[in-house]
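One structure coming up, written as structure tokens, with questions to follow.
The values are calculated or read from the model by the stated rules, or taken from the named source; none is laboratory data. Note that the structure is predicted; figures quoted are calculated from it, not measured. Cβ coordinates were reconstructed from backbone atoms using ideal geometry, including for glycine residues, and neighbour counts include every protein chain displayed. Calculation scope for accessible area: heavy atoms of the full protein, side chains included, ligands and nucleic acids excluded. Shrake-Rupley method; radii C 1.70, N 1.55, O 1.52, S 1.80 Å.
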Amino acid sequence: MAKPKVKENIIQDDFNERVRRLGLSDETLIGLYRTMCTVRHFEYTADRLYAEGKVHGTMHLSAGQEAVAAGTRLALQTDDYLINHHRGHGHFIAKGADVNMMMAEFLGKDTGYNHGRGGSMHIADFQSNNLGANGIVGGGIPQAVGVGLALQMQRRKEICVCIFGDGASNEGVFHEAMNMASLWKLPVLYICENNKYGMSMDVERVVAKLPIAQRAEAYGIPWSTVDGNDVIAVYETMKNAAEHVRAGSGPYFVEAMTYRYFGHSKSDRNLYRPKEEIEDWKQNRDPIMRFTKCLLRSEILGEEQAREVNAQAEQVILKAVEYAEASPDPDISTLMEYVYA
Amino acid sequence: MPEMTYLEAIRQALWQEMKRDESVFLIGEDIGVYGGAFGLTHGMLDEFGPERVRETPISEATIVATAVGASLLGMRPVAEIMFMDFVLLALDQIANQAAKMRFMFGGRTSVPIVVRMPGGSGTGAASQHSQSLESILMHFPGLKVVNPSTPYDAKGLMLASIRDPNPVCFVEHKALYKTKGDVPEDDYIIPIGVAEVKRAGRDLTVVANNIMVMKTLNVAKRLAQDGIEIEVIDPRTLLPLDIETIINSVVKTGRLLVVHEACQTGGWAGEVIASVVGSPAFDYIDAPVRRLGGRDIPIPYNRGLEKFAVPQEADIENEIRALVGGAL
């Protein structure tokens, strides 16, 4: 049962062979790159806006984890359902959320996805089957059982993707949900995005047996781990997992190993991890840097084009900030709205 | 009009609604062959099959979460929590999730689920199977809390609850399951949020819920022989609470007693009383406004102890006589 620790393929000599085997076109690969750049700019811009005092509430930034979001989305169908976690900006952007509405929500504006009622932690877009992020750690994991059950009862082909962090795997509902999803062979792809820390707690201090994914074995759910900073590996793993789920074979569990650059939230002073560790991940294992090198070496992308795509992504986010800042706050007279349908 | 029990009335509502609407399904522990701990869903597995009478592991939080998730895709789940006490295991999914999702998501979704839960004492089930926790559930905006006292109300409120676009906690009382009353076969709705005057009277208003309605009505009959006319109001829904009907009654009678089985401290009687004395009815109040709740202890096992942990008819009668005594 014990599987070796996930191997990092930093150098990626086999990149060309892998993308050919997976049938990924240059256009698709550049699209992945663009998505990752967009997420990165969104997160760093969010951090800047906070520093400028323009953000009322908290935020949980996913910089460093972009490959999980982009690679996962590419492996899914447009109509698949998403249940997201509190560090969810990247997955929303990858699913095609409108960054203007996201940024407006982040700034608490009436034009935001939630009319300013939710903020960073609760963005949802029901029209695109994005069922939202959850402020309660693990809160969405059992709800995915219900989404999967409805899909099964309605004889539909979509699947539900439920993403959560390493910390959530220690909540009781994690275990209830794994059991029920497996019992009923529900179409749910569970993705544990292990960024090494649940707030300040190193995963090794709070999980009795690693990898987290091996817990799936106890519930009869097939599982695998993947280098979450290798976007192509994420894509390939999620593609296989999604095929299993879509075929009606029941849930699948993937643990993606990654790392967050920013603190847990705005109050974090990073006292629980060495600066060298953060720098090592940024300098040597960054998902965008690694992917960019591969694209350049394979001549899928030239240096100038790479800069251009990145600059375009930045522009999209800066425009979103302009949109959000120009948007009105919700009117106080609407305070009591949306409580009941 | 056929006579049936409170339990049969709820079953009939579930049955008829599942026949009418394919998106309705039941989910809970032992609700199949066993028929649920109280037999309420007996026969429904044979009629509707295991997909729509969905039996689960003992996982209350995920039972409610499954209802929540399925409702987002257009289903109308009715979840059963075997004993109301166990709702505490599922409170995150009820209070943090179901109750808040519509608001938190800016009104762009709704969570049409019903969570059935039998509460109340009287069965010798002791402290962890006998509580009346409806007051706790009233503290979460976004929820509705429904609490029928008669078979007729139970059926009409269940049909209303399933069709309501919001999450509804449907609080039943175990000791009412065998009580009988007239219940029409046809489809009818008791609107959520509308109280009913169960007995009209001029001398004192008693507001009571579920089993205390029956007890108070028995007391009222006896007091009528002594010329004391009690007005008995059953809120039927605790959230939203129809305070207007109660205020209008107090304006008429000038006296108010609120009776519930739930522990007195923090119980919903305080909410009713605060709303009434803060209203224009204050000017009409002629006597101290009182509440009679359960004693502030866990429900004990011993038959005698259990009985006296919650208001009995004699307690209600004593309270009423003390309140009207001087004036009559």
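Tilt of helix B:151-163 relative to the longest C-alpha principal axis of chain B, in degrees (0 to 90, nearest 10)?
50 degrees
If you don't mind, another one. Output the relative contact order of chain B, whole-number percent, from Cα pairs under 8 angstrom with separation of 6+ residues. If you can, show how the numbers build up before the last one.
Details: 724 pairs, mean separation 52.6, N = 328.
Reported relative contact order: 16 percent.
When only Cα pairs under 8 Å and 6 or more residues apart are kept, what is the percent relative contact order across the stretch B:17-57? Kindly include the intermediate steps, with their values, before the conclusion.
Values: 56 pairs, mean separation 17.2, N = 41.
Computed value for the stretch B:17-57: 42 percent relative contact order.
Ignoring everything except DSSP H segments at least 4 long, calculate the 222 nm mean residue ellipticity for chain A; use -39,500 (n - 2.57) per segment, divide by total residues, nearest 500.
Rounded to the nearest 500, the figure is -13500 deg cm²/dmol.
Take every DSSP beta bridge with both residues inside the protein assembly as shown and express the antiparallel ones as a percent of the total, to the nearest 5.
Rounded to the nearest five, the antiparallel share is 15 percent.
Would you mind putting B:29-36, A:205-212 in packing order, based on average other-beta-carbon counts within 10 Å, highest first?
Final packing ranking: B:29-36, A:205-212.
Ratio of the protein assembly as shown's C-alpha Rg to 2.2 N^0.38 Å, to two decimals?
1.10
Of the candidates A:SER25, A:SER327, A:SER224, which one comes out as most mobile in a Gaussian network treatment of chain A with C-alpha springs shorter than 10 Å?
Fluctuation is largest for A:SER25.
Past 20 Å, Cα to Cα, is the threshold; run A:LYS196/A:LYS239; B:LYS178/B:LYS307; A:LYS95/A:LYS185; A:LYS209/A:LYS266 against it and keep the listed order.
Table pairs above 20 Å Cα-Cα are A:LYS196/A:LYS239; A:LYS95/A:LYS185; A:LYS209/A:LYS266.
Next question. Computed over the Cα atoms of the stretch B:3-182, what is the convex hull's projected area averaged over all directions, in nm²? Please report the intermediate quantities before stating the final value.
Numbers: hull surface 37.3 nm².
It is 9.3 nm².
A further question on this structure: Considering only the other residues whose Cβ falls under 9 Å of the Cβ of A:ASP125, what net charge follows from Lys and Arg at +1 and Asp and Glu at -1?
After counting each charged neighbour, the total is +1.
Still on this structure: Between the stretch B:24-92 and the stretch B:244-274, what is the separation of their alpha carbon centroids in Å?
After rounding, the separation between the Cα centres reads 33 Å.
Here's another thing I want to ask about it. Hey, how many Å between the Cα centroid of the stretch B:275-299 and the Cα centroid of the stretch A:9-81?
What the calculation gives is 59 Å, centre to centre.
I need the peptides B:57-69, B:166-178 ranked by packing, meaning the mean over residues of other C-beta atoms within 10 angstrom, with the highest value on top.
Descending packing order for the listed peptides: B:57-69, B:166-178.
In whole percent, what relative contact order does chain A give with Cα contacts below 8 Å and a gap of six or more residues?
Answer for chain A is 24 percent.
Once the piece of chain linking A:ARG273 and A:GLN154 is laid out straight, how much longer is it, given 0.36 nm per residue of separation minus the C-alpha distance between them?
38.1 nm
Report the net charge of residues surrounding B:GLY227, where surrounding means a beta-carbon distance below 11 angstrom and charges are Lys +1, Arg +1, Asp -1, Glu -1.
With Lys, Arg at +1 and Asp, Glu at -1, the neighbours total -2.
If you don't mind, there's one more thing I want to ask. Work out Dmax and Rg for the stretch B:1-66 from the C-alpha atoms and quote the Rg first, both in angstrom.
That works out to 12.1, 40 Å for Rg and Dmax.
So how far, in whole Å, is the C-alpha centre of the stretch A:264-283 from the one of the stretch B:150-191?
First find each Cα centre; the distance between them is then 56 Å.
Using bins 20 angstrom wide from zero, how does P(r) for chain B break down, in % of all Cα pairs?
The calculated distribution, bin by bin, is 33, 57, 10, 0.
For peptide B:57-64, what's the mean number of Cβ atoms from other chains within 10 Å of each residue's Cβ?
That average works out to 6.
Same structure again: Any idea of the total accessible area buried by the B-A contact, 1.4 Å probe, rounded to 100 Å²?
Values: alone 13710 and 15690 Å², together 26040 Å².
Its buried surface, counting both partners, is about 3400 Å².
Would you mind giving the mean number of other chain beta-carbons within 10 Å of the Cβ of each residue in A:332-341, as a whole number?
That works out to 5 on average.
With everything on Cα atoms, drop me the angle between helix B:211-225 and the longest principal axis of chain B, reported from 0 to 90° to the nearest 10.
30 degrees
Taking the Cβ of B:LYS198 as the centre, find all other residues whose Cβ is under 10 Å away and add up their charges (Lys, Arg: +1; Asp, Glu: -1). Provide the component values of the computation, followed by the final result.
Values: positive: B:ARG199, B:ARG236; negative: B:ASP153, B:GLU196, B:GLU231, B:ASP234.
Here the count lands on -2.
Provide a whole-number value for the mean count of partner chain Cβ atoms within 10 Å of the Cβ atoms in peptide A:175-184.
What the average comes to for A:175-184 is 4.
Among B:ALA200, B:PHE83, B:MET117, which residue has its Cα furthest toward the positive end of the charge dipole of the stretch B:49-208, with +1 on Lys/Arg Cβ and -1 on Asp/Glu Cβ?
About the Cα centre, the residue reaching furthest to the positive side is B:ALA200.
Right, another one. May I ask you to work out the translational diffusion coefficient for the stretch B:196-325 at 37 °C, viscosity 0.692 mPa s, via Stokes-Einstein with Rh from the Kirkwood sum over Cα pairs, reported in whole µm²/s?
225 µm²/s
For every helix of n ≥ 4 consecutive DSSP H residues, a contribution of -39,500 (n - 2.57) applies; sum these over chain B, divide by its total residues, and give [θ] at 222 nm rounded to the nearest 500 deg cm²/dmol. Could the numbers behind the result be given before it?
Details: 11 runs with 114 residues, N = 328.
Result for chain B, helices only: -10500 deg cm²/dmol.
Write out the chymotrypsin sites (Phe, Trp or Tyr not before Pro) in the stretch B:185-288 meeting two conditions: DSSP loop, and at most 14 other Cβ atoms within 10 Å of their Cβ.
Those satisfying the criteria are B:TYR188.
Starting from the stretch A:246-327, pick out the trypsin sites (Lys or Arg not before Pro) whose DSSP state is loop and whose Cβ has at most 12 other Cβ atoms within 10 Å.
Hits after loop and neighbour filter: A:ARG269.
I would also like to ask the following. Under the Kirkwood approximation for Rh and a Cα-based Rg, what ratio Rg/Rh is obtained for chain A?
In chain A, Rg relative to Rh is 0.95.
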